[in-house]
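I have placed the structure first, in the form of structure tokens, so that the comments after it can refer back to it.
Read-outs throughout are calculated quantities, based only on the coordinates presented, and are distinct from any laboratory measurement. Being a predicted model, the structure only gives us computed values, none of them experimental. Neighbour counts run over all protein chains shown; Cβ positions are idealised from the backbone, glycine included.
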């Protein structure tokens, strides 16, 4: 199992229930893929450094998780096609 860090930005226009649903969906993708979520930190609403898709604010969420090596590719694919996720990045914490 590798240690990963996922930071993603949810569209600020969503309702709180929808934001929570997106977070739970991401956690579900991780656990269904054989991973384990170790920590979730909801940073909250922040101003973006530059406009993305004509949006100036986003809802930031940081998730730390352990997973097999194949899971980040699937997670990346699913986050790319999601309309609710504006941007995301997955970092392998094992690499130096």
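Structural remarks
- In nm, spacing of pseudo-spin labels at residue 27 and residue 5 (7 Å Cα→C-beta vector): 2.1
- Residues 59, 50 in ascending order of nearby Cβ atoms (within 10 Å, fewest first): 50, 59.
- The chain - share of DSSP beta bridges that are antiparallel (%, nearest 5): 100
- Protection proxy ranking, peptides 40-46, 69-75, average beta carbon neighbours within 10 Å, highest first: 69-75, 40-46
- Residue exposure sequence - 26, 61, 37 - by fewest surrounding Cβ within 10 Å: 37, 61, 26
- As a proxy for reagent exposure, 80, 87 were ordered by neighbouring Cβ count within 10 angstrom, fewest first; the result is 80, 87.
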